[in-house]
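Working notes for the structure below.
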Amino acid sequence: MNLKSDKSQGGVASQSCPPPTPSADLSAGGAQHVAIIMDGNGRWAKERSKPRIFGHRQGANAINEVMKAAQKHNLKYLTLYAFSSENWSRPKAEVEALMKLLVSSINRYEKNFLKNKIRFSTIGDLSALPKESLDAVERLKKITAAFDEFTLVLALNYGSRDEILRASAAFAKANAGQKNINKPSWEEFSKYLDTAFMPDPDLIIRTSGELRLSNFLMMQSAYSELYFTDVYWPDFTEAEFDKAMNDYNGRERRYGKTGEQLK
Ligand code: FPP
């Protein structure tokens, strides 16, 4: 039986106990949030003797199909690691191309977001983005803000260590002058994380055969299931997403309890 974390927007985590579910059922396991480390664009391009940005463009194309698949699986949130706080150290031309790709992808996907009532959101420190990218991001957020069925979250200039430092500073500022600050609960503190508006990821997928989290949702993944595939991100299709979900749906989540306690 799965124990799910069920945290509503900016709310406090609670646990519920949905009934056992067969893996064939698309909504089995009750996952609400899947997060993906989209890796392998560069190698995908290299195998085709193309520049890295060609791989990123193909990677951007793959997003649409995965968004549809996520909705089909009744997810509420899909978070994609698009640009990490460490990615600034890539060659300048690649960084610039990624920032441009962000703008062109937003422009291209805008109609789709509106038609399918998809809310657009972000995590990460947007203050470092070039103005053109920031404007595009803020505009899409604004025009999709009222949708509440499904949210696509892009991690942009995001890194868990940066996030925890920003959250700590914001927490300290908010509580300055209070005499009795004891250890805060995780629920209190996590309201200052970028992810406060959504539940922790049920499943984290990483493509391209790399087996690490790379500073992605390190606090939020405490009880996430992890799924790794050798498939490069540009080749990650709906069928690959289904495979990951079926794998997830067959798992038992114990949250520190014994298997016996969950029966
Ligand atoms: C990792 O592949 C991918 C990224 C750092 C960028 C992810 C970007 C996209 C999927 C395109 C959409 C982008 C935006 C900004 C909307 P890699 O370059 O590290 O691949 P490699 O490990 O094979 O070199």
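The values are calculated or read from the model by the stated rules, or taken from the named source; none is laboratory data. Note that the structure is predicted; figures quoted are calculated from it, not measured. Here Cβ is always computed from backbone atoms with ideal geometry, including for glycine, and neighbour counts include all displayed protein chains.
Evaluating residue 208 against the criteria (1) surrounded by fewer than 17 Cβ atoms within 10 Å (Cβ to Cβ); (2) at positive phi leaves one unmet condition, (1). Can you confirm whether residue 43 is assigned to a helix (DSSP H, G or I), under 17 Å from residue 206 (Cβ atoms) and more than 18 Å from the chain's Cα centre (by Cα)? Criteria met by residue 43. Filtering the range 150-180 to residues that are of a type outside the set (A, V, I, L, M, F, W, C) and either farther than 24 Å from residue 199 by Cβ or in contact with a helix residue (DSSP H, G or I) (Cβ under 8 Å, 6 or more places away or on another chain) (or both) leaves 157, 173, 175, 177, 178, 179, 180. Applying the condition of being over 15 Å from the mean Cα position of the chain (by Cα) and in a loop (DSSP other than H, G, I, E, B) to the range 56-91 and asking which residue is farthest from the ligand (Cβ to nearest atom) yields 74. For the range 221-244, filtering for residues that are touching a residue at least 60 places away in the same chain (Cβ under 8 Å) and touching a helix residue (DSSP H, G or I) at 6+ places or on another chain (Cβ under 8 Å) leaves 10. Taking the range 202-254 as the range and being among the small types (Gly, Ala, Ser), at pLDDT 95 or above and away from the ligand (no atom under 14 Å from the Cβ) as the test, the residues that pass are 221, 222, 224, 239, 244. Scanning the range 149-162 turns up no residue that is among the β-branched types (Val, Ile, Thr) and without any contact (Cβ under 8 Å) to a residue 40 or more places away in the chain.
Per-residue answers, yes or no, for (1) surrounded by 14 or more Cβ atoms within 10 Å (Cβ to Cβ); (2) among the small types (Gly, Ala, Ser); (3) more than 16 Å from the chain's Cα centre (by Cα):
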site: 109; (1), (2), (3): yes, no, yes
site: 119; (1), (2), (3): yes, no, no
site: 129; (1), (2), (3): yes, no, yes
site: 139; (1), (2), (3): yes, no, yes
site: 145; (1), (2), (3): no, yes, yes
site: 150; (1), (2), (3): yes, no, no
site: 154; (1), (2), (3): yes, no, no
site: 157; (1), (2), (3): yes, no, no
site: 160; (1), (2), (3): yes, yes, no
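Scanning the range 42-55 for residues that are crowded, with 18+ Cβ neighbours inside 10 Å and near the ligand (Cβ under 9 Å from one of its atoms) yields 42, 44, 45, 52, 55.
Within the range 232-263, the residues that satisfy the criterion of being outside any helix (DSSP H, G or I), under 19 Å from the mean Cα position of the chain (by Cα) and surrounded by 17 or more Cβ atoms within 10 Å (Cβ to Cβ) are 232, 236.
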